[in-house]
Every structure is written in structure tokens, then in C-alpha cells.
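This report concerns only the one structure given below.
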Amino acid sequence: MNMKILLRIGIFLLFSFLMIFDYFPHIIFNDIPKTVLTIGMISLAIVYIVINQKTEKNCETNSLIGEAAFIFYMFVLIGVLTLMGGKSTVGISLNNPILWFVLLLTIVDMTVRYRRKKNSNKGTVNRRS
């Protein structure tokens with residue numbers, strides 16, 4: 001298996017563990033502070049996005065697909081954990097307006113990068129003609 005794929009799977013698993021622990025803190029440890037949990041989740045999301053962009057420099061479309069998959073996975077995980085009766089100790093929920101604002105900013109950023117890539121591809125095709 002490719003090292004990039006293993007790293008991505010590891011980040012997904014670690015992020016899942018942190019989210020499960022956030023929604024059900026009584027399962028494993030009760031002594032981990034909320035700030036550590038919050039910093040851990042944010043750090044993993046940032047590391048995933050940075051690694052995804054660095055490793056997929058040659059193929060921007062794959063980078064965008066990877067980011068979209070991570071965002072979709074995060075929202076599904078939040079929904080499933082909420083349906084299972086969990087409540088986030090940090091405040092991450094589908095009712096949180098900050099979460100939706102960050103999602104909106106991410107979608108705008110991804111759209112701009114996709115259009116920029118699409119326009120740069122049109123420019124190279126036109127130069128060849």
C-alpha cells in the first residue's frame with residue numbers, strides 16, 4: 001500500500017477516535033481536558049488538509065476530492081454520533097453556526113481552487129492549438 005494512503009487512513013482513524021471520545025467521554029477517560037481534545041481535532045484536520053495538498057500538488061482534482069471526502073466523513077460522523085445519543089463536550093454539533101460558517105468558507109475555497117485549475121487547464125489547451 002502507498003504511504004500516503006496509510007497516512008490518510010491513520011488520520012481518519014485518529015480523528016474518528018477523537019470524535020467518539022468527544023461525544024462519549026465516559027467510555028475511556030474522564031480526565032482529558034476539553035482544550036486538548038479541541039486542539040487535537042483541529043490539528044488533525046489541518047494536518048490532513050496540508051498533507052493532502054502537498055502530496056497531490058500535481059493533481060489538484062485529487063486534492064479537492066480528498067478534502068471533500070474528509071468534510072463529508074466528518075459531517076456523517078457527527079450525525080451518526082448524535083443519533084447514537086452522544087453529545088459533544090467541546091460543542092461540535094450540526095446546530096453549531098460556526099461549523100456551518102467554516103463549511104461555507106471551505107466550499108468557497110474549494111470552488112475557487114477548482115475554477116482556477118480549470119481555467120489554467122484551458123490556457124494550456126489553447127496554447128497547444
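Within the set of pairs 6+ apart or on separate chains, which have a first residue in segment 7-24 that is over 13 Å from Ile42 (Cα atoms), a second that is assigned to a helix (DSSP H, G or I) and modelled with pLDDT of 80 or more, and C-beta atoms under 6 Å apart?
Once the first residue is over 13 Å from Ile42 (Cα atoms) and sits in segment 7-24, its partners that are assigned to a helix (DSSP H, G or I) and modelled with pLDDT of 80 or more give Tyr23/Leu81.
If a residue has to be surrounded by 14 or more Cβ atoms within 10 Å (Cβ to Cβ) and at pLDDT below 90 to count, how many in segment 74-106 make the cut?
10
Count, please, the residues in segment 45-73 that happen to be modelled with pLDDT of 80 or more and in a loop (DSSP other than H, G, I, E, B).
The qualifying residues number 0.
The values are calculated or read from the model by the stated rules, or taken from the named source; none is laboratory data. Here the structure is a predicted model, which means the values were calculated and not measured. Counting neighbours? That spans all protein chains shown, and the Cβs are built from the backbone with ideal geometry, glycine included.
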